[in-house]
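Take a look at the structure set out below.
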Amino acid sequence: MLDVIDSARLGELVTIADAIAALRQAVVSGRSTGATARTATSVRMGHLLLMPAEDQELVGVKITGVAPANPSLGLPRITGTYLLHDAATLQPLAAIDGAALTLLRTAALSALAVEELAVPDASRLLIFGTGPQAEAHIRALSTVRKLHDVAVSGRTPDGTAAFVRRGIDGVALRPAVNTDVRSADLIVCCTSSAAPLFDGSRPAAHATVVAMGSHTQDARELDTQILRRSTVVVEDRETALREAADVSSAVAAKELADVIALADLVAGTKVDQDRPRVFRSVGMAWEDLAVAGRVLDKTPH
């Protein structure tokens with residue numbers, strides 16, 4: 001019988017720490033390279049993404065729906081299902097809430113990068129966004145750094161105020177002010193913005209910047225200035241040049257010489273501590289498989 005794992009059960013089975021560990025193990029073992037590119041298909045109210053991946057034991061595929069009109073209906077913008085199969089027989093093992101899995105693995109991947117890149121005493125976070133990814137990222141980053149001050153910048157003052165009022169246990173939230181870009185140790189972008197969210201000349205030299213998940217040519221949370229100033233880390237160089245519009249345009253314009261792959265960073269590649277560090281992710285199928293595998297480890301089968 002196919003095991004169906006909804007959002008609540010996923011949260012019970014796999015903690016943020018579990019997900020970070022699973023992703024680190026996948027990177028160390030080489031499973032973060034050579035992933036199959038995602039396939040996008042347009043449908044009437046958005047598009048569907050198909051993201052397959054495999055390792056020695058498991059095969060998985062995520063079918064994600066992106067419905068831009070859903071928030072106006074009070075529904076999530078991202079939907080989906082993850083199907084996990086045995087690699088040897090292709091027998092189905094589990095169906096996992098795809099949106100919840102995406103939320104967990106994306107925030108955990110950012111936390112893994114921050115663990116490697118951020119100064120040890122990083123405690124001031126500026127986060128752009130007030131949606132589920134913003135909350136997930138605050139929770140995930142709290143596991144790798146002691147956050148004493150979290151400034152929130154949303155699209156509207158009302159949305160920002162509502163997010164701050166809802167709160168997150170153990171974390172002090174407040175609306176962002178103009179000076180936070182200069183003073184933040186961590187700057188995290190959790191939006192689908194088509195335009196850069198801040199002036200890239202302003203973050204401090206010790207700052208770590210994370211821009212997560214966008215994989216289309218009309219999304220650009222970062223400007224060329226911050227990329228030019230920074231050491232830039234990506235999940236996979238080929239994938240970033242194909243899907244991260246801000247990175248690919250900066251490389252094409254010779255404003256960014258090169259990028260570092262996450263695997264090289266985890267393996268010990270040193271980064272310049274006298275300039276900002278940027279982690280730009282697009283979301284890859286191996287990440288879903290790594291965390292889904294940890295789900296399977298926690299369930300009887």
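Remarks
- Scan of region 1-35 for residues that are surrounded by 20 or more Cβ atoms within 10 Å (Cβ to Cβ) and either over 19 Å from the mean Cα position of the chain (by Cα) or not in a loop (DSSP other than H, G, I, E, B) (or both), ordered by number: 5, 10, 19, 20, 22, 23, 26, 27
- Subset tally (residues that are farther than 21 Å from residue 119 by Cα and polar (S, T, N, Q)) for region 197-224: 4
- Residues located in region 81-114, provided they are surrounded by 16 or more Cβ atoms within 10 Å (Cβ to Cβ) and of a type in the set (Asp, Glu): 97
- Residues within region 148-170 that are over 20 Å from the mean Cα position of the chain (by Cα) and either on the phi < 0 side of the Ramachandran plot or among the polar types (S, T, N, Q) (or both), tallied: 13
- For region 264-278, the set of residues classified as without any contact (Cβ under 8 Å) to a residue 40 or more places away in the chain and either over 24 Å from residue 22 (Cα atoms) or acidic (Asp, Glu) (or both) consists of 264 only.
- When we screen 245, 261, 240 for residues that are touching a residue at least 24 places away in the same chain (Cβ under 8 Å) and out of contact with any strand residue (DSSP E or B) (no Cβ under 9 Å at 6 or more places or on another chain), the only hit is 245.
- Residues (farther than 13 Å from residue 7 by Cα and not hydroxyl-bearing (Ser, Thr, Tyr)) located in region 77-93: 77, 78, 83, 84, 85, 86, 87, 88, 90, 91, 92, 93
- Options 139, 145; residue that is under 21 Å from the mean Cα position of the chain (by Cα) and not in a helix (DSSP H, G or I): 145
- When residue 72 is tested against (1) more than 21 Å from the chain's Cα centre (by Cα); (2) at pLDDT 95 or above; (3) in a helix (DSSP H, G or I), just one condition goes unmet, and that condition is (2).
- Test: residue in region 216-224 that is out of contact with any helix residue (DSSP H, G or I) (no Cβ under 9 Å at 6 or more places or on another chain) and outside the structural domain of residue 87 (by TED's automatic domain parsing): no
- Condition met for residue 147 (out of contact with any Asp or Glu (no Cβ under 8 Å at 6 or more places or on another chain) and not hydroxyl-bearing (Ser, Thr, Tyr)): yes
- The residues listed here are 170, 154; of these, the one that is at pLDDT below 95 and of a type in the set (Gly, Ala, Ser) is 170.
- Candidates 107, 134 - the one that is in a helix (DSSP H, G or I) and out of contact with any His (no Cβ under 6 Å at 6 or more places or on another chain): 134
- Hey, residue 161 modelled with pLDDT under 95, farther than 14 Å from residue 210 by Cα, in contact with a strand residue (DSSP E or B) (Cβ under 7 Å, 6 or more places away or on another chain) and part of a helix (DSSP H, G or I) or not: no
- Residue 141 falls short of the stated requirement of being in contact (Cβ under 8 Å) with a residue 60 or more places away in the chain and closer than 24 Å to residue 282 by Cα.
- Subset of region 253-301 (residues that are over 30 Å from residue 95 (Cα atoms) and in contact with a Pro (Cβ under 8 Å, 6 or more places away or on another chain)): 276
- Answer from 242, 294, 280 - the residue that is among the basic types (Lys, Arg) and closer than 21 Å to residue 13 by Cβ: 294
The values are calculated or read from the model by the stated rules, or taken from the named source; none is laboratory data. All values derive from a computational prediction rather than experimental measurement. Glycine also receives a Cβ, built like all others from the backbone with ideal geometry; neighbour counts cover every protein chain displayed.
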